[in-house]
Amino acid sequence: MHVLITGANRGIGAGLAHAYQARGDVVTATARNRPGLSPLDVTDPGSVRALADAMGGAALDLLICNAGVYLDRGESLATGFDPDIWAESFAVNVTGVFLCVQAFLPHLARAPKPKIAIIASQMGSSTRAPGGSYVYRATKAAAINLGRNLATDLRPRGIAVGVYHPGWVQTDMGGADAEITTDEAVSGLVARFATLDLATSGCFETWDGRAHAF
């Protein structure tokens with residue numbers, strides 16, 4: 001199986017890359033600028049296209065859209081949330097997902113049972129509104145919506161799309177007080193991706209297999 005992972009330089013992305021490599025899968029692990037990983041800036045259409053072109057006629061079984069930023073942590077409603085934070089966050093967390101899906105569609109189409117996994121967050125669920133983190137919540141809500149609509153359009157092509165909440169994970173983004181380890185999140189996500197198919201396409205699930213409200 002050939003797996004491509006965005007944002008594989010640390011945290012969940014790095015954990016997923018290691019997990020699939022350990023299974024013997026072919027892994028294209030990407031990051032903006034990290035030695036040993038394939039260069040990919042998901043916000044740059046030229047960068048995305050360059051990697052897609054470099055892959056030539058290779059088939060891609062699983063595209064994991066994991067790259068993400070959380071830039072508005074601790075911002076003040078009175079004085080924070082600069083427009084640049086909004087622009088950069090949407091560029092990575094939403095537009096970057098779309099650009100990757102669009103560019104790698106030909107490669108996915110060559111696989112027998114292609115899948116796309118989008119790492120979102122329950123912070124983007126419309127059922128949760130505790131306040132704060134407006135930018136991050138908005139981008140993840142958009143990512144959930146994007147995944148569901150892609151699932152509709154890609155079903156006739158035989159491509160399954162799932163959206164996932166990875167849990168509150170002990171990473172640089174999640175912090176040391178988070179609920180689960182990276183290994184726990186990765187193990188759960190790998191299991192979720194394995195069960196994704198056209199019957200479950202359009203799902204929004206947690207790392208441990210529970211359906212999440214949109």
Return the residue satisfying two criteria in turn: it lies in the stretch 192-209 and is at pLDDT below 95 and more than 15 Å from the chain's Cα centre (by Cα), and of such residues it is most open to solvent (accessible area, probe 1.4 Å). ASP208
Would you tally the residues in the stretch 111-154 being touching a strand residue (DSSP E or B) at 6+ places or on another chain (Cβ under 6 Å) and charged (D, E, K, R)? 1
Inspect the stretch 152-169 for any residue being on the phi > 0 side of the Ramachandran plot, touching a residue at least 12 places away in the same chain (Cβ under 8 Å) and buried (at least 18 other Cβ atoms within 10 Å of the Cβ) and give the result as yes or no. yes
For PRO112, are the conditions met, namely being under 25 Å from THR28 (Cβ atoms), in a loop (DSSP other than H, G, I, E, B) and of a type outside the set (Gly, Ala, Ser)? yes
So which pairs qualify, if the first residue must be in the stretch 35-48 and more than 20 Å from ALA17 (Cα to Cα), the second must be at pLDDT 95 or above and not in a loop (DSSP other than H, G, I, E, B), the Cβ gap must be under 6 Å, and the two must be at least 6 apart or on different chains? THR43/ALA91; THR43/VAL92; THR43/GLY96; PRO45/LEU99
Quickly run through the stretch 69-91 and pick out the residues that are out of contact with any Leu (no Cβ under 9 Å at 6 or more places or on another chain), closer than 27 Å to VAL3 by Cβ and of a type outside the set (Phe, Trp, Tyr). VAL69, ALA91
Report, by residue number, each residue of the stretch 60-74 that is open to solvent by 40 Å² or more (accessible area, probe 1.4 Å) and either at pLDDT 95 or above or aromatic (Phe, Trp, Tyr) (or both). TYR70, LEU71
Given (1) surrounded by fewer than 18 Cβ atoms within 10 Å (Cβ to Cβ); (2) in a helix (DSSP H, G or I), where does ARG137 come up short, assuming only one miss? (1)
Which of the numbered conditions does ALA14 fail, given that it passes all the others? Conditions: (1) closer than 30 Å to SER133 by Cα; (2) more than 13 Å from the chain's Cα centre (by Cα); (3) of a type in the set (A, V, I, L, M, F, W, C). (2)
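Each row is one residue, and each column tells you yes or no for (1) modelled with pLDDT of 90 or more; (2) of a type in the set (Phe, Trp, Tyr).
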| site | (1), (2) |
| --- | --- |
| ASN149 | yes, no |
| LEU154 | yes, no |
| GLY162 | yes, no |
| GLY167 | no, no |
| THR171 | no, no |
| SER187 | yes, no |
| VAL190 | yes, no |
| PHE214 | yes, yes |
Take the stretch 115-134 and flag every residue that is within 18 Å of VAL163 (Cα to Cα), outside any helix (DSSP H, G or I) and either open to solvent by 50 Å² or more (accessible area, probe 1.4 Å) or out of contact with any Cys (no Cβ under 8 Å at 6 or more places or on another chain) (or both). LYS115, ALA120, SER121, SER125, SER126, THR127, ARG128
All but one of (1) of a type in the set (A, V, I, L, M, F, W, C); (2) touching a residue at least 24 places away in the same chain (Cβ under 8 Å); (3) closer than 24 Å to GLU184 by Cα hold for MET123; which doesn't? (2)
Can you pull out the residues in the stretch 30-59 that are open to solvent by less than 30 Å² (accessible area, probe 1.4 Å), of a type outside the set (S, T, N, Q) and over 20 Å from ALA109 (Cα atoms)? ALA31, LEU40, VAL42
Can you pull out the residues in the stretch 76-93 that are more than 20 Å from LEU146 (Cα to Cα), open to solvent by 80 Å² or more (accessible area, probe 1.4 Å) and of a type in the set (A, V, I, L, M, F, W, C)? LEU77, ALA78
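The values are calculated or read from the model by the stated rules, or taken from the named source; none is laboratory data. For clarity, every value in this text was computed on a predicted model and none was experimentally measured. Note that each Cβ is placed from the backbone with ideal geometry, even for glycine, and that neighbours are counted across all protein chains shown. Surface accessibility is based on the protein's heavy atoms, side chains included, excluding ligands, DNA and RNA. Shrake-Rupley method; radii C 1.70, N 1.55, O 1.52, S 1.80 Å.
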